[in-house]
1. Going by what's in this entry, would residue 37 be described as small (Gly, Ala, Ser), in contact with a helix residue (DSSP H, G or I) (Cβ under 6 Å, 6 or more places away or on another chain) and either in a strand (DSSP E or B) or modelled with pLDDT under 95 (or both)?
2. Among the residues that make up the stretch 38-59, is at least one of them within 15 Å of the chain's Cα centre (by Cα) and touching a residue at least 60 places away in the same chain (Cβ under 8 Å)?
3. Look at residue 15 and say whether it is of a type in the set (Ser, Thr, Tyr), closer than 23 Å to residue 110 by Cβ and in a loop (DSSP other than H, G, I, E, B).
4. Within the group 55, 5, 10, which residue is surrounded by fewer than 11 Cβ atoms within 10 Å (Cβ to Cβ) and among the aromatic types (Phe, Trp, Tyr)?
5. Just the residues that are more than 15 Å from the chain's Cα centre (by Cα) and of a type in the set (Ser, Thr, Tyr), please, taken from the stretch 71-125.
Amino acid sequence: MMQGYVNASYEAVITVVISHNGKLKSVSAIIDTGFTGFLSLSGGIIAELGLSWSYRDRGTLGDGSETLFDIYDAMVIWGGQYREIEVNEAETDPLVGMSLMRGYRLQIDTVQGGLVRISDLSDVN
């Protein structure tokens, strides 16, 4: 089980560890159920880790507008295991998307400082 917290803006926040070429970086990321990708990171974090560019994709933002995103390859530690994912470059707070959450249960105690729990569905009965 992974755990996080609810911040003062009532956002569910977890720590994600990204790995690339022997470098590890922990980032606090907001869980965004409207984001269908895996993870978004700023250009600065992507450059710091030296992530490899993969391709460019079009995405629809929450306001309905479309934009192009550069997509990079990365590894994260998720559920105690390394997992290959795609990272969208976006100059926002890091976001965890629903593709990374696939196969997991998300529980949020929606009060400031509340507990965020993420459980592997294969472990939940």
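The values are calculated or read from the model by the stated rules, or taken from the named source; none is laboratory data. Worth saying up front: this structure is predicted, and the values here are computed from it rather than measured. Every residue, glycine among them, receives a Cβ derived from its backbone with ideal geometry; neighbour counts consider all protein chains shown.
1. yes
2. Taking every residue of the stretch 38-59 in turn, at least one turns out to be within 15 Å of the chain's Cα centre (by Cα) and touching a residue at least 60 places away in the same chain (Cβ under 8 Å).
3. no
4. Testing whether each residue is surrounded by fewer than 11 Cβ atoms within 10 Å (Cβ to Cβ) and among the aromatic types (Phe, Trp, Tyr) leaves just 55.
5. 110, 119, 122
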